[in-house]
There are 2 protein chains.
Amino acid sequence: MDDLTEMLKGTLEGCVLHIIGNEETYGYAITRQLNELGFTDVVEGTIYTILVRLERNGLVQVTKRPSGQGPPRKFFALNDAGRERLATFWTKWEYLSSRIDNLKEGGR
Amino acid sequence: MDDLTEMLKGTLEGCVLHIIGNEETYGYAITRQLNELGFTDVVEGTIYTILVRLERNGLVQVTKRPSGQGPPRKFFALNDAGRERLATFWTKWEYLSSRIDNLKEGGR
DNA sequence: CCCTGGTACTACGTAGTGCCGAGTACCACT
DNA sequence: AGTGGTACTCGGCACTACGTAGTACCAGGG
């Protein structure tokens with residue numbers, strides 16, 4: 001799939017929140033998971049910037065743990081604010097995608 | 001619906017292309033139409049910048065016509081490049097939205 | 001007769017987000 | 001010693017949507 005960059009804006013962060021919400025995990029693994037889920041072109045750098053932002057905005061709880069196969073990992077888990085943000089993300093997504101599908105089908 | 005700004009990035013342009021594809025129309029009317037379609041917070045300024053971009057990128061054909069109730073209108077119609085861009089927009093949208101819905105349902 | 005309000009477009013700057021590249025660091029295997 | 005996979009950081013870039021101000025035309029009310 002060619003360049004989805006612009007379309008991912010605003011949604012990629014939500015996807016990351018969702019993944020973190022499923023289980024405590026870390027940046028590198030999130031990237032691999034997204035790649036497998038069809039977000040093939042998403043790279044580490046992008047995910048790390050999102051994670052830094054999430055932390056800065058107080059949406060996640062961070063725990064550093066040794067890895068055994070590389071540098072220590074930073075594990076992320078959602079806190080209450082994060083869960084709330086995730087919920088509003090899905091609300092927005094439902095709203096937006098229904099409007100757009102509607103636009104496409106309805107023709108006008 | 002609260003702030004959809006970030007989520008609209010990359011998709012709003014496609015919506016505008018779609019509307020123009022339905023019938024030759026102009027900026028102000030496009031804005032009103034989007035507002036009625038649920039994109040309530042989209043304002044003129046945003047649409048005009050998109051239209052300028054479409055023109056600059058050679059995706060539309062522009063015709064100026066007097067209005068009768070205000071300044072002259074700039075009517076926009078899709079050319080071949082525009083129709084092609086619209087088609088790839090829908091392809092991308094289908095792809096992305098299916099991945100995201102998949103992510104939401106599948107959990108992982 | 002001005003003034004408000006609706007129609008219609010232009011121009012400039014801002015902020016947010018994803019991407020890119022370079023760099024650091026640890027470990028396993030050859 | 002060198003390569004390759006794991007794992008994170010940092011700085012800058014590009015693109016997009018938004019906000020605000022300004023211009024301009026017309027109709028109707030005070």
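Miscellaneous remarks
- Using only Cα coordinates, the Kirkwood hydrodynamic radius of region A:58-105 works out to 13.3 Å.
- The distance separating the Cα centre of region A:20-41 from that of region A:49-108 comes to 11 Å.
- Surface composition of region A:5-106: carbon and sulfur atoms hold 49% of the protein heavy-atom accessible area at a 1.4 Å probe.
- Cα-based helix-to-principal-axis angle, B:12-22 vs chain B, degrees rounded to 10: 60 degrees
- Candidate lysines for bridging to A:Lys92, where Cα separation is under 22 Å - those fewer than 8 sequence places away on the same chain excluded: A:Lys9, A:Lys104, B:Lys9, B:Lys92, B:Lys104
- Legend: calculated FRET efficiency, A:Gln61 to B:Asp41, from the Cβ-Cβ distance at R0 = 45 Å, rounded to 0.05, equals 0.85.
- Per residue, the convex hull spanned by the Cα atoms of the protein assembly as shown measures out at 130 cubic angstrom.
- With a 1.4 Å probe rolled over the protein heavy atoms of all chains, the accessible area of B:Tyr48, B:Tyr95 falls in the order B:Tyr48, B:Tyr95, largest first.
- Rounded to the nearest 10 degrees, the angle from helix A:80-106 to the longest Cα principal axis of chain A is 30 degrees.
- Electrostatic dipole magnitude of the protein assembly as shown [Cβ: Lys, Arg +1; Asp, Glu -1; Cα centre; debye, to 20]: 400 debye
- For chain A, the longest principal axis of the C-alpha atoms and the axis of helix A:44-56 are separated by about 80°.
- In the elastic network of chain A, a GNM with C-alpha springs shorter than 10 Å, the most mobile of A:Leu86, A:Leu37, A:Leu51 is A:Leu37.
- Under 5 Å, built H, 5+ apart or other chain: amide partners of A:Phe75: A:Thr63, A:Lys64, A:Arg65
- Region B:20-81 shape via C-alpha gyration tensor axes, a/c threshold 1.5: oblate
- Chain B versus the axis that turns it onto chain A: the residue with the nearest Cβ and the distance in whole Å amount to B:Lys9, 2.
- Just so you know, the averaged projected area of the alpha carbon convex hull for chain B sits at 7.9 nm².
The values are calculated or read from the model by the stated rules, or taken from the named source; none is laboratory data. All values reported here derive from a predicted model rather than from experimental measurement. Ideal geometry is used to build each Cβ from the backbone, glycine not excepted, and the neighbour counts take in all protein chains shown. Just so you know, the surface numbers come from the protein's heavy atoms only, side chains and all, with ligands and any DNA or RNA stripped out. Shrake-Rupley method; radii C 1.70, N 1.55, O 1.52, S 1.80 Å.
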